[in-house]
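To start, the structure itself, in structure tokens.
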Amino acid sequence: MERWFRKMQFNQIISMALRSLQANKVRSFLTMLGVIIGVASVILLVSVGSGLQKYISNQLEGIGSNLILIVPGKLDLKKVSQGGGPTAGLLTSKLTSKDAKDLVSNSSFIKAAAPGTTAQAAIKYGTEKMFSQVVGITANYPEIMNSPLALGEHFTETDDRGGRRVAVIGSEVAKTLFKSDDPLNKKISIGDTKFTVIGVLNSRGLGGASEDHVVIPITVAMRIFNQQKVQVIYAQANNAEQVDQAIAEAKTILLNRLTEDDFTILTQKDILGAVSSILGTLTVALGGIAAISLIVGGIGIMNIMLVSVTERTHEIGLRKALGATPNVILMQFLIEAIVLSAGGGIIGILIGGGGALLLSSVIPSQVTFWAVLLAFSVSFIIGIIFGVMPARKASRMSPIEALRYE
Amino acid sequence: MILSLRNVTKTYCLEGAEVRALDGVSIDIKEGEFVAIVGPSGSGKSTLMHIVGLLDTPTSGKVLLEDKEVTRMSEATLAKLRNEHIGFVFQQFNLLPRVSALENVELPLIYKGVGAGERRQRATKMLEMVGLGERLNNWPNQLSGGQQQRVAIARALILNPLIILADEPTGNLDSKTGKDILDLLHKLNKEGHTVVLVTHDSDVAVSAKRQIKIRDGKVVS
């Protein structure tokens, strides 16, 4: 009999709780606001974080898993992902174009290698001007990076050897300088030197050339920017399985001329891991800050519930006189708190998720199921934790004193 | 015997001093009686009413409801007993202000666990019985004092309690309406309900068949 009795009552208690919250809609909404904002920001931040992680993984994976990066100086990626920085070696590179050639000729596991330089310069077309990164690279770059051009062609080995002043521009550069005009065969100035545009890079691309870069033959770059050393060497292993062997051989070859501290060999996996890890840490940190606001929201709920309990002392006394047991009173007020927090959680999820979806045209963002579930569960639990105290206060009131309260 | 108090004493600790609100009170209330508990302010009649209404437990002594001892029962059990056996009528009506007369009368039924359909039916009947069939959906602030008290009486009767316990039921009403309410209580008594009326007003008390006079925590007659 007891369980049937309690089940009947439970629905009633829920509707009584909802009635009370409805009676003061403004107050209920304002109380929910803390949780709404907290949950919305957590969902938004986590969605953007997840989205970015996924986007970058996709980008890097597209390039090819047999890619090896050789950078100057000692770079400990683990340190980088924990917040440390690359050593000063990056600025004083000892790598040369010849090193790239040596890698190919002396290793049976390395199919191709492309040395690269980078510099900043002003790019001009007619009256349009922008500052951009100018990457000097060899003709085999698109092949190594597995990234074909969107328009036109890349320069050839002949162009490279002959020092021809041709350039391949990034899609953003094309948009800024040429607007909707066809950039092919037009002349641009890089610094003080005139170049002919022969190609436009694909939007996707990473590791040296991307949308807002300009790519020119490395011989020309080294000449006009007065560089003797290269900042990076891209090397391509024969296939993904031979990457480790390729790395081992590359190390041996380079150590012939350089010391251990002069270079670092990285795989795409290393970079992916570091980026993922940094993003992951960032997401968690930002999420944590947003979570703190959830606690503040919970405190707000507890505060309002305490006020509500005091305001309704007389009503509580009456209900007790008419037959409400302490547990029934506890349940009613606890449910009110839970409705406020879980309701706020749902609204927050909708706002945060909606915001993430809206943002997805600008920043990659992905609303993950587990994030939503976690956010809802936490908001529910917040209701319980912060609602228990006021609810117990109400349930413990003596009916006589409550009835006497004015 | 519907309700008995045997040698009931109730003491409070007020600012370090012991206050004896009730001192060795014994009373018996039979089924179908109309009893008035009379006493001046501070006599202990409120405390006595609380104990009769199972809202409070004595410091010593026994309380028996239908000859079964309820003295040391938990608040949860007492709440259940109140729900089923005691019908309260208060001086200030004590209706929930933001729900209708009908929903007010339904409240004890909710705590008893009665389903929505049956609740509506029973509450409607009860309100019709006290002459408020036209006012089912009005809020208390849309009703006169007398009407509100009648809603309270309907609420008190809804679970067919053993005792109707009325605490100064006419205190907030003008003399004519007060008399109407009193007449209603007498009518209910004639129909078989046991009524315990608590008052300081001897004019009201005199209409009861029996008076229990209380002074300084002791029954004096």
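The values are calculated or read from the model by the stated rules, or taken from the named source; none is laboratory data. Since this is a predicted model, take the numbers as computed values, not measurements. Neighbour counts run over all protein chains shown; Cβ positions are idealised from the backbone, glycine included.
Within segment B:116-131, the presence of at least one residue that is at the interface with chain A (Cβ under 10 Å from one of its Cβ atoms), without any contact (Cβ under 8 Å) to a residue 60 or more places away in the chain, assigned to a helix (DSSP H, G or I) and surrounded by fewer than 24 Cβ atoms within 10 Å (Cβ to Cβ) is confirmed.
Taken over segment B:68-83, the residue count meeting the criterion of being at the interface with chain A (Cβ under 8 Å from one of its Cβ atoms) and surrounded by 16 or more Cβ atoms within 10 Å (Cβ to Cβ) is 5.
Can you spot a residue in segment A:264-273 that is out of contact with any Cys (no Cβ under 6 Å at 6 or more places or on another chain) and within 14 Å of chain B (Cβ to nearest Cβ)? Explain how you work it out, then say what you get.
In the first step, residues of segment A:264-273 are kept if they are out of contact with any Cys (no Cβ under 6 Å at 6 or more places or on another chain); the result is A:264-273.
Restricting the remaining residues to those that are within 14 Å of chain B (Cβ to nearest Cβ) gives none.
No, segment A:264-273 has no match at all.
Just checking, how many residues over segment B:52-90 are under 11 Å from the mean Cα position of the chain (by Cα) and part of a helix (DSSP H, G or I)? Break it down into steps so the answer makes sense when it comes.
Within segment B:52-90, the subset under 11 Å from the mean Cα position of the chain (by Cα) is B:52-55, B:82, B:85-90.
Narrowing further to those that are part of a helix (DSSP H, G or I): B:52, B:82, B:85.
Within segment B:52-90, residues that are under 11 Å from the mean Cα position of the chain (by Cα) and part of a helix (DSSP H, G or I) number 3.
With the condition kept exactly as written, say whether any residue in segment B:173-192 is closer than 15 Å to B:Gly39 by Cβ, touching a residue at least 24 places away in the same chain (Cβ under 8 Å) and touching a strand residue (DSSP E or B) at 6+ places or on another chain (Cβ under 7 Å). Full working, then the answer.
Just the residues of segment B:173-192 that are closer than 15 Å to B:Gly39 by Cβ, to begin with: none.
No - not one qualifying residue is present in segment B:173-192.
Yes or no: A:Thr310 of a type in the set (Ser, Thr, Tyr), away from every other protein chain (no Cβ under 14 Å) and either under 19 Å from A:Ala371 (Cα atoms) or within 38 Å of the chain's Cα centre (by Cα) (or both)? The answer is no for A:Thr310. B:Asp167 - would you say it is more than 19 Å from B:Gly192 (Cα to Cα) and either modelled with pLDDT of 95 or more or within 14 Å of another protein chain (Cβ to nearest Cβ) (or both)? Yes. When B:Ser41 is tested against (1) at pLDDT 90 or above; (2) surrounded by fewer than 22 Cβ atoms within 10 Å (Cβ to Cβ), exactly one condition is not met: (1). Pairing each residue of segment B:89-114 that is within 25 Å of B:Thr170 (Cβ to Cβ) and facing another protein chain (nearest Cβ under 7 Å) with any residue that is part of a loop (DSSP other than H, G, I, E, B) and modelled with pLDDT of 90 or more, provided the two are 6+ apart or on different chains, yields C-beta distances under 6 Å for B:Pro108/A:Gly323; B:Pro108/B:Ile158; B:Pro108/B:Leu159.
Under the condition of being in contact (Cβ under 8 Å) with a residue 12 or more places away in the chain and touching a Ser or Thr at 6+ places or on another chain (Cβ under 9 Å), which residue from segment A:16-27 is surrounded by the fewest Cβ atoms within 10 Å (Cβ to Cβ)?
First pass over segment A:16-27, keeping only residues in contact (Cβ under 8 Å) with a residue 12 or more places away in the chain: A:16-18, A:20-21, A:27.
Cutting the leftovers down to touching a Ser or Thr at 6+ places or on another chain (Cβ under 9 Å) gives us A:20-21, A:27.
Numbers: A:Ser20: 19, A:Leu21: 21, A:Arg27: 14.
That would be A:Arg27.
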